[in-house]
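The values are calculated or read from the model by the stated rules, or taken from the named source; none is laboratory data. The shown structure was predicted, so the numbers you read here are calculated from the model rather than taken from an experiment. Glycine gets a Cβ as well: all are built from the backbone with ideal geometry, and neighbour counts include every protein chain shown. What goes into the accessible areas is simple: the full protein's heavy atoms, side chains included, and nothing from ligands, DNA or RNA. Shrake-Rupley method; radii C 1.70, N 1.55, O 1.52, S 1.80 Å.
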Amino acid sequence: MARLGVNVDHVATLREARRAKEPSPVIAAVLAEFAGADSIVVHLREDRRHIQERDVRLLRELLRTRLDLEMAATDEMIKIALDIKPDLVTLVPERRQELTTEGGLNLVLHQDELKKAIELLHEGEIPVSIFIDPDPIQIKGAQKAQADIVEIHTGRYVNSSGQNRETELHQVSEAAKLASKLGMRVNAGHGLDYSNVTAVSELPEIEELNIGHSIIARAAFVGIDQAVREMKSLIQPKTH
Ligand code: PXP
């Protein structure tokens with residue numbers, strides 16, 4: 001069965017809206033673990049708009065599962081990662097104006113810089129995942145850059161409907177198969193919610209789904225425990 005990584009950034013978004021002490025993404029993460037989350041994901045952004053460095057350090061100390069640190073491949077972030085040592089670094093593109101991560105990394109344009117970042121993280125014994133669109137050129141680029149894992153961007157799948165949705169799911173599936181054939185492990189995420197997660201979770205190559213917005217949105221009404229348990233119940237056993 002695919003594992004569930006719960007992204008708690010939005011809890012910090014609420015806290016930072018008031019520059020207050022609560023709600024704490026660290027408490028949300030611990031409660032998500034109690035409810036069955038298999039890992040906790042946080043994105044430390046250059047502008048620190050939600051998660052702060054202190055949150056990442058506290059999570060590193062407190063979590064009983066695994067910590068997946070999403071970050072841009074900058075010198076500053078690599079230094080922080082090498083110091084905090086998360087269980088996984090997921091490299092993502094970052095633009096200051098965006099509301100959330102808008103697309104995957106471009107391994108054609110940024111091959112050398114990403115390869116170098118991965119090398120440095122590997123020297124610190126940190127495995128690296130790369131967030132990319134379901135595109136064979138990007139998958140091959142990820143392998144060339146020595147990524148351990150690819151996280152396939154599910155944005156186009158979740159934003160499509162009807163026949164297009166089938167086509168987009170097929171693209172995700174083909175990308176997952178290619179990555180696995182090239183020796184990389186496969187995660188997926190972005191925009192997954194209670195209505196669209198099951199089809200992706202049925203793809204046999206996908207090991208972990210990283211989900212934030214929909215879980216935290218539901219948690220605002222039913223609590224994080226129920227929100228995580230409901231999401232877990234929709235993730236299906238692999239079909240092979
Ligand atoms: N995976 C990556 C790499 C992301 O950047 C995000 C958004 O922070 C997610 C997964 C989770 O996306 P969502 O909040 O839409 O579930």
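Any residue at all in segment 142-162 that's farther than 19 Å from LEU91 by Cβ and of a type in the set (Phe, Trp, Tyr)?
Just the residues of segment 142-162 that are farther than 19 Å from LEU91 by Cβ, to begin with: 156-162.
Right, trim to of a type in the set (Phe, Trp, Tyr) and you get 157.
The answer is yes, given that some residue of segment 142-162 is farther than 19 Å from LEU91 by Cβ and of a type in the set (Phe, Trp, Tyr).
Go through segment 107-130 and give me each residue that's hydrophobic (A, V, I, L, M, F, W, C), open to solvent by less than 10 Å² (accessible area, probe 1.4 Å) and not in a loop (DSSP other than H, G, I, E, B). Before the answer, list the steps.
Taking segment 107-130 first, the residues hydrophobic (A, V, I, L, M, F, W, C) are 107-109, 114, 117-118, 120-121, 126, 128, 130.
Among the residues that remain, those that are also open to solvent by less than 10 Å² (accessible area, probe 1.4 Å) are: 107, 114, 117-118, 121, 126, 128, 130.
Of everything in segment 107-130, those that are hydrophobic (A, V, I, L, M, F, W, C), open to solvent by less than 10 Å² (accessible area, probe 1.4 Å) and not in a loop (DSSP other than H, G, I, E, B) turn out to be LEU114, ALA117, ILE118, LEU121, VAL128, ILE130.
Among (1) of a type outside the set (Asp, Glu); (2) open to solvent by 10 Å² or more (accessible area, probe 1.4 Å); (3) modelled with pLDDT of 95 or more; (4) assigned to a loop (DSSP other than H, G, I, E, B), there is one condition ARG45 misses while meeting the rest; what is its number?
(2)
Can you give me the number of residues within segment 10-45 that are acidic (Asp, Glu), closer than 28 Å to THR74 by Cα and under 17 Å from the mean Cα position of the chain (by Cα)? Don't jump to the end; show me each part of the working.
Here is the first cut: in segment 10-45, the ones acidic (Asp, Glu) are 16, 22, 33, 38.
Keeping just the survivors that are closer than 28 Å to THR74 by Cα gives 16, 38.
Of the ones still in play, those that are also under 17 Å from the mean Cα position of the chain (by Cα) are 38.
Total meeting the criteria: 1.
Which one is farthest from ARG156 (Cα to Cα), of the residues in segment 174-206 that are in a strand (DSSP E or B) and over 12 Å from the mean Cα position of the chain (by Cα)? Even if it seems obvious, please write down each step before you answer.
At the first step, the residues of segment 174-206 found to be in a strand (DSSP E or B) are 185-189, 206.
Cutting the leftovers down to over 12 Å from the mean Cα position of the chain (by Cα) gives us 185, 206.
Numbers: ARG185: 21, ILE206: 17 Å.
The extreme case among them is ARG185.
Could you list, in sequence order, the residues of segment 10-35 that are open to solvent by less than 10 Å² (accessible area, probe 1.4 Å) and touching a Gly at 6+ places or on another chain (Cβ under 7 Å)?
Across segment 10-35, there are no qualifying residues.
For ASP38, state whether it is within 16 Å of the ligand (Cβ to nearest atom), surrounded by fewer than 22 Cβ atoms within 10 Å (Cβ to Cβ), modelled with pLDDT of 95 or more and charged (D, E, K, R). Steps first, please.
Working: within 16 Å of the ligand (Cβ to nearest atom): yes; surrounded by fewer than 22 Cβ atoms within 10 Å (Cβ to Cβ): yes; modelled with pLDDT of 95 or more: yes; charged (D, E, K, R): yes.
Yes.
When residues of segment 54-77 are filtered for being in a helix (DSSP H, G or I) and open to solvent by 60 Å² or more (accessible area, probe 1.4 Å), how many remain?
If we filter segment 54-77 for residues that are in a helix (DSSP H, G or I), which is where we start, we get 54-62, 75-77.
The next check asks that each one be open to solvent by 60 Å² or more (accessible area, probe 1.4 Å); those that pass are 54, 57, 60-62, 75-76.
Residues that pass the stated criteria total 7.
Might you let me know whether segment 202-220 holds any residue that is within 15 Å of the ligand (Cβ to nearest atom), over 20 Å from ARG3 (Cβ atoms) and open to solvent by 30 Å² or more (accessible area, probe 1.4 Å)? Step through it out loud before you land on a result.
Keep residues of segment 202-220 that are within 15 Å of the ligand (Cβ to nearest atom), which gives 206-220.
Next, from what is left, pick out any that are over 20 Å from ARG3 (Cβ atoms): 217, 220.
Checking which are open to solvent by 30 Å² or more (accessible area, probe 1.4 Å) leaves us with 217, 220.
Checked against the condition, which is being within 15 Å of the ligand (Cβ to nearest atom), over 20 Å from ARG3 (Cβ atoms) and open to solvent by 30 Å² or more (accessible area, probe 1.4 Å), segment 202-220 yields at least one hit.
Determine whether GLN146 is within 29 Å of LYS85 (Cβ to Cβ) and open to solvent by 50 Å² or more (accessible area, probe 1.4 Å).
Details: within 29 Å of LYS85 (Cβ to Cβ): yes; open to solvent by 50 Å² or more (accessible area, probe 1.4 Å): yes.
Yes.
Which residue is farthest from LEU120 (Cα to Cα), if the candidates are limited to segment 62-84 and must be out of contact with any strand residue (DSSP E or B) (no Cβ under 9 Å at 6 or more places or on another chain) and charged (D, E, K, R)? It would help to see each step written out before you state the result.
Narrowing segment 62-84 to residues out of contact with any strand residue (DSSP E or B) (no Cβ under 9 Å at 6 or more places or on another chain): 62, 64, 74-76, 79, 82-83.
Okay, now just the ones that are also charged (D, E, K, R), so 64, 75-76, 79, 83.
On the way: ARG64: 26, ASP75: 10, GLU76: 12, LYS79: 9, ASP83: 12 Å.
Once the filter is applied, the top-ranked residue is ARG64.
In segment 221-240, which residues are open to solvent by less than 40 Å² (accessible area, probe 1.4 Å) and away from the ligand (no atom under 16 Å from the Cβ)? Write out each step before concluding.
Within segment 221-240, the first condition is being open to solvent by less than 40 Å² (accessible area, probe 1.4 Å), and the residues that meet it are 223-224, 227-228, 231, 235.
Residue satisfying the conditions is GLY223 alone.
Kindly list the number of the only condition in (1) in contact with a Leu (Cβ under 9 Å, 6 or more places away or on another chain); (2) in contact (Cβ under 8 Å) with a residue 12 or more places away in the chain that fails for GLY191.
Evaluating GLY191 over (1) in contact with a Leu (Cβ under 9 Å, 6 or more places away or on another chain); (2) in contact (Cβ under 8 Å) with a residue 12 or more places away in the chain leaves (1) as the failure.
Out of ILE118, ILE149, report the one residue that is more than 13 Å from the ligand (Cβ to nearest atom), at pLDDT 95 or above and within 24 Å of VAL42 (Cβ to Cβ).
Working: ILE149 fails: more than 13 Å from the ligand (Cβ to nearest atom).
Criteria check complete, one pass: ILE118.
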